[in-house]
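The values are calculated or read from the model by the stated rules, or taken from the named source; none is laboratory data. What you see is a predicted model; the values in this text were computed from it and never measured. Here Cβ is always computed from backbone atoms with ideal geometry, including for glycine, and neighbour counts include all displayed protein chains.
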Amino acid sequence: MKSTNNPEFSLVIPCYNEEAVLPMLATRLLKCLNDLKISWEVIFVNDGSKDRTFELLARLHHEEPRFKVISFSRNFGHQSAISGGLAYTTGNTVGVMDADLQDPPEIFGDCLQKLHEGFDVVYAVRRKRKESLPKRIAYNLFYRLFRFMAESEMPLDSGDFCLMSRRVVEQLKKMPECNVLMRGLRAWVGFRQTGLEYERDARRAGSTKYSFWKLVQLARDGIFAFSTMPLKLATYMGFCAVGFSILAAIFVIAWRLIGFQFMGHSAAEVPGWAGIVVGMLFLNGIQFLILGFFGEYIGRIYTEVKHRPRWVVAETLGVDVQNQGAEQRACGQVD
């Protein structure tokens, strides 16, 4: 049973080298959250920042105790930071947003209204992005490929920015995966969910922490965590390769025995080395691709069975001591 002193609304904000945007973020949060006329807390997760992020967060906590801080011992990644923050929340309603102010906190009121209508999850749908054209195209393709391949319904153009009921958060806290894609887990748990469109702003200060390769890794985690289609595709490709080889063998035998001309040549005039080499390269390519698919899944199994903690907390400021020890939950371990 939760204490009656718990806030009505908890907000989780992962931070990695965000010293440039934190003062602006704190100002907007104070205004938006106080306008909601409900009790609230903000849990900043310092994900091993190398700049003055933790120093500024400590100052914010000193000035406003409702700004609370969890500091990781090193950088464990954006998705782990979100999971760690959720483990320490106490509010009946929980929100997640990034620190860069691309996602506007001003729409929290509209999200809360949707929750009051009976929804358990209100996720923000990005109507328009301010990123470069190549990145917008890449995001667009990923979300549609992800939705096509995933074995459960996944919303389009929706990131981590959302509000959730307590029962959804409790289900997410039970998820033991190491390679986490929180927006995928959020959709997987089900309950009543709805989207709320908004226009995503450009980053207000600092630089993005998601490089191209980190985005690729995030996409891989999402696809391999929520779909077995690559394994099925490997099987289909194997059948196709075998079928292609059988047809090619039948054709070569007929070409040799009947003696008809193909592309102006008879079989006796063509030694056939080129065809053999091309066929071998094709089949070897298929084999390596299939092994790559297997390797992705086996690597993830290996990561899960080690049962290492998904994050390690070095220091907390203002966090309820009843939630201490949440960092000890390990990959693959369910309470």
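Observations on the model:
- Residue list for the range 29-59, filter: surrounded by fewer than 15 Cβ atoms within 10 Å (Cβ to Cβ) and not in a loop (DSSP other than H, G, I, E, B): K31, N34, D35, E55
- Single unsatisfied condition, D35 versus (1) touching a helix residue (DSSP H, G or I) at 6+ places or on another chain (Cβ under 9 Å); (2) modelled with pLDDT under 90; (3) under 23 Å from G159 (Cα atoms): (3)
- Exactly one residue among F9, F54 is touching a strand residue (DSSP E or B) at 6+ places or on another chain (Cβ under 6 Å), modelled with pLDDT of 90 or more and under 15 Å from V319 (Cβ atoms), and that residue is F54.
- For the range 87-114, a residue qualifies if it is aliphatic (A, V, I, L, M) and under 24 Å from K37 (Cβ atoms), and the qualifying residues are V94, V96, M97, L101, I107, L112.
- Verdict on P134 being at pLDDT 65 or above and surrounded by fewer than 18 Cβ atoms within 10 Å (Cβ to Cβ): yes
- Among the residues examined, L29 does not qualify as in contact (Cβ under 8 Å) with a residue 40 or more places away in the chain and under 20 Å from the mean Cα position of the chain (by Cα).
- I82 assigned by TED's automatic domain parsing to the domain that holds K173, in contact with a helix residue (DSSP H, G or I) (Cβ under 8 Å, 6 or more places away or on another chain) and closer than 15 Å to L185 by Cβ: yes
- Strands (runs of 3 or more DSSP E) completely within the range 64-130 that count 3 or more residues being at pLDDT below 90: 121-128
- Here the condition is being over 19 Å from A124 (Cβ atoms) and under 24 Å from the mean Cα position of the chain (by Cα); of F44, F67, it holds for F44 alone.
- For L196: the one exception among (1) at pLDDT below 70; (2) not in a helix (DSSP H, G or I): (1)
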